[in-house]
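Worksheet for the structure shown next.
Derivation of every value follows stated rules applied to the coordinates shown; laboratory data play no part. What you see is a predicted model, and the numbers here were worked out from it, not measured in a lab. Don't worry about glycine lacking a Cβ; one is built from the backbone with ideal geometry, like all the others, and counts go over all protein chains shown.
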Amino acid sequence: MDTPWNAYMQVGLVHFMMYPEAMAGNDDVLPSIERLAADPFFEVLEITRIKNPQVRQKVREIADMAHIDLGFGAQPGVLMNKLNTAALDEDARRAAVADIKGSIDQAYEHNCRLMAMIDGLESWPGEARRQQALDQVTKSLDELCAYAEEQAKDYLLTISLETFDRAIEKKSLLGPTRDAVEVARRVRERHANFGLTIDLSHVPLLGETSRESLTLAQEYLIHTHIGNCQMRDPSLPSYGDKHPRFGAPGTENDTAALAEFLTVLMEIGYFKKELPTRRPVVTFEVRPLPGERQDLLIANCRRVLEDAWASVGRKS
């Protein structure tokens with residue numbers, strides 16, 4: 001593609017995946033956020049909850065100084081606390097909603113336009129209770145969108161539900177893109193500030209292709225992640241939803257997979273959509289395996305995107 005990608009999209013990085021220690025929300029997040037904000041390759045950093053309000057203030061100052069946008073991820077809190085917005089038990093469902101409301105508060109504090117989330121860890125209850133769970137997660141998402149509306153001042157935060165595997169690691173209700181689209185349709189009837197996140201890393205884990213997932217989700221697609229997964233050898237540390245680097249041995253995604261993902265995004269009009277973010281966001285989600293260096297993984301991301309984007313140009 002002759003036109004640079006930043007004419008179409010904002011390239012981002014999930015900070016708390018590249019630096020997993022950030023999921024704890026402690027003060028030590030600042031050095032890595034400063035390093036990434038100083039890199040002009042990234043226009044968006046997706047962060048998660050930080051305990052110390054003074055550190056949160058500093059993060060906002062760094063983002064403003066570097067002219068970088070912040071996105072928010074509620075996934076770490078849901079996963080680490082084993083929460084489930086689709087829980088059939090009402091007390092458990094309410095607890096999950098209450099926790100995610102805390103993420104909405106911090107997302108507003110950081111001036112994030114979009115917050116991504118997972119429905120829950122091991123939220124798939126089995127086929128016999130599938131419809132009950134879909135009703136429960138719809139109720140939860142309605143409440144979260146309404147809360148975001150209540151807290152809005154000069155702009156409205158949009159919530160994006162990210163699809164995860166149903167059978168391998170996260171074992172989430174949402175889950176297959178078709179079910180996520182059905183839930184999105186129901187929520188969108190009442191709340192405009194809702195949509196879906198499709199993650200290239202999760203597409204193979206769902207037994208789908210990029211074309212299937214993105215085409216099904218296109219009406220509600222407002223955010224994307226790009227990365228890799230390993231689903232062939234359970235004995236390896238990269239097995240499941242661990243987001244290994246592109247092209248790691250035995251994994252599913254490399255340059256050709258990313259090129260296909262970007263090509264389908266182009267075809268379905270994702271890059272022409274009016275979205276809550278300044279431009280449509282495509283965010284790298286990569287996690288170091290033992291012994292791997294973040295600077296080399298970031299170089300991997302750069303090269304894979306450059307090669308994939310050139311391939312999109314050859315296909316167009």
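Data overview
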{"item": "Diffusion constant of the stretch 177-316 at 10 °C, which comes from Stokes-Einstein with the Kirkwood Cα-pair radius and 1.306 mPa s, µm²/s", "result": "100 µm²/s"}
{"item": "Positive minus negative residues near I198 (Lys, Arg vs Asp, Glu; Cβ under 10 Å)", "result": "-3"}
{"item": "Förster radius 35 Å - calculated FRET efficiency between E306 and R60, Cβ distance, rounded to 0.05", "result": "0.70"}
{"item": "Signed unit charges on C-beta, dipole axis of the chain, positive-most listed residue W5, L114, Y147", "result": "W5"}
{"item": "Relative contact order [Cα under 8 Å, 6+ residues apart], the chain, whole percent", "result": "18 percent"}
{"item": "³J(HN,Hα), Karplus 6.51/-1.76/1.60, whole Hz, each residue of the stretch 284-290, x for Gly, Pro", "result": "5, 10, 9, 10, x, 8, x"}
{"item": "18 Å reach of a label modelled at R178, 7 Å along Cα-to-Cβ, counting backbone N of the stretch 84-126", "result": "124-126"}
{"item": "Charged-residue dipole, Cβ positions (Lys, Arg, Asp, Glu), the chain about Cα centre, Debye nearest 20", "result": "180 debye"}
{"item": "Peptides ranked, highest mean first, by Cβ atoms within 10 Å: ranges 229-239, 98-108", "result": "98-108, 229-239"}
{"item": "Entries in K171/K242; K82/K242; K58/K273; K101/K139; K101/K273; K101/K153 that, when Cα-Cα distance is taken, lie over 22 Å", "result": "K58/K273; K101/K273"}
{"item": "Mean separation of Cα contacts under 8 Å (6+ apart) over length of the stretch 87-239, as relative contact order %", "result": "21 percent"}
{"item": "Partners for K51 among aspartates and glutamates (Cα-Cα distance below 14 Å; same-chain residues under 8 apart left out)", "result": "E21, D27, D28, D99, D105, E109"}
{"item": "The stretch 104-119 - phi-based ³J(HN,Hα) in whole Hz, Karplus 6.51/-1.76/1.60, Gly and Pro as x", "result": "4, 4, 6, 4, 5, 4, 8, 6, 6, 8, 9, 10, 8, 8, 10, 5"}
{"item": "The chain - Kirkwood radius from inverse mean 1/r over Cα pairs (Å)", "result": "19.4 Å"}
{"item": "Highest to lowest packing among 196-208, 177-189, 72-84, scored as the average C-beta count within 10 Å", "result": "196-208, 72-84, 177-189"}
{"item": "Estimated distance in nm for a label pair at Q294 and R94, the labels positioned 7 Å out from Cα along Cα-to-Cβ", "result": "3.9 nm"}
{"item": "Taking T263, T215 and counting other C-beta atoms within 10 Å, the order from fewest to most", "result": "T215, T263"}
{"item": "Highest-first arrangement of 145-156, 3-14, where packing means the average Cβ count within 10 Å", "result": "3-14, 145-156"}
